[in-house]
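The values are calculated or read from the model by the stated rules, or taken from the named source; none is laboratory data. Because the structure is a prediction, the values reported are computed rather than measured. Note: ideal-geometry Cβ built from the backbone for every residue, glycine included; neighbour counts use all protein chains shown. Heads up: the accessible areas ignore ligands, DNA and RNA and are worked out on the full protein's heavy atoms, side chains in. Shrake-Rupley method; radii C 1.70, N 1.55, O 1.52, S 1.80 Å.
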Amino acid sequence: WDNADFSRGVGTTFYQEFYTLNTAKPPFIRDVEAKIRRYLKSSYSAAWTLKITWEKAPAYAARTNTRRTNTYQAILTTDGFRSYVLMLYQDGGMQWDYTRLPATNVLIGYT
């Protein structure tokens with residue numbers, strides 16, 4: 001795990017919030033529900049979902065390299081009783097040059 005650095009004006013972060021209790025669900029929400037059902041083998045109907053996207057995020061410290069960036073998302077969702085997070089990464093995985101990062105034991109994911 002390592003830190004993104006937006007201090008040089010490269011990359012952006014944005015979010016989208018979805019309230020879906022008793023409303024029509026957009027395709028994105030139906031996809032999130034399908035992933036949870038498939039991976040966890042349980043029924044799930046989202047009441048609220050937050051999608052956070054880090055787009056073209058350079059590694060810390062951005063002053064050393066802003067060419068190799070990563071795009072990734074965290075999807076937080078709940079049905080009011082159970083909550084989940086999905087971590088989604090761009091095709092091709094980690095684009096940062098891990099040999100130039102302060103920590104060389106970089107992982108994709110969370111603990």
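Which condition number in (1) surrounded by 13 or more Cβ atoms within 10 Å (Cβ to Cβ); (2) under 23 Å from Gly93 (Cα atoms) is the one that Glu33 fails? The number of the failed condition is (2).
Contact annotation: residue pairs with Cβ atoms under 8 Å, 6 or more positions apart or on different chains, pairing a residue in segment 34-46 that is more than 15 Å from Ile75 (Cα to Cα) with a partner that is open to solvent by less than 40 Å² (accessible area, probe 1.4 Å) and assigned to a helix (DSSP H, G or I), are Ser42/Ile36.
Of all residues in segment 7-29, which are hydrophobic (A, V, I, L, M, F, W, C) and open to solvent by 70 Å² or more (accessible area, probe 1.4 Å)?
Phe14, Leu21, Ala24
As for segment 48-69, it holds no residue that is more than 17 Å from Phe6 (Cα to Cα) and assigned to a helix (DSSP H, G or I). The number of residues in segment 75-98 that are touching a strand residue (DSSP E or B) at 6+ places or on another chain (Cβ under 9 Å), open to solvent by 60 Å² or more (accessible area, probe 1.4 Å) and among the acidic types (Asp, Glu) comes to 0.
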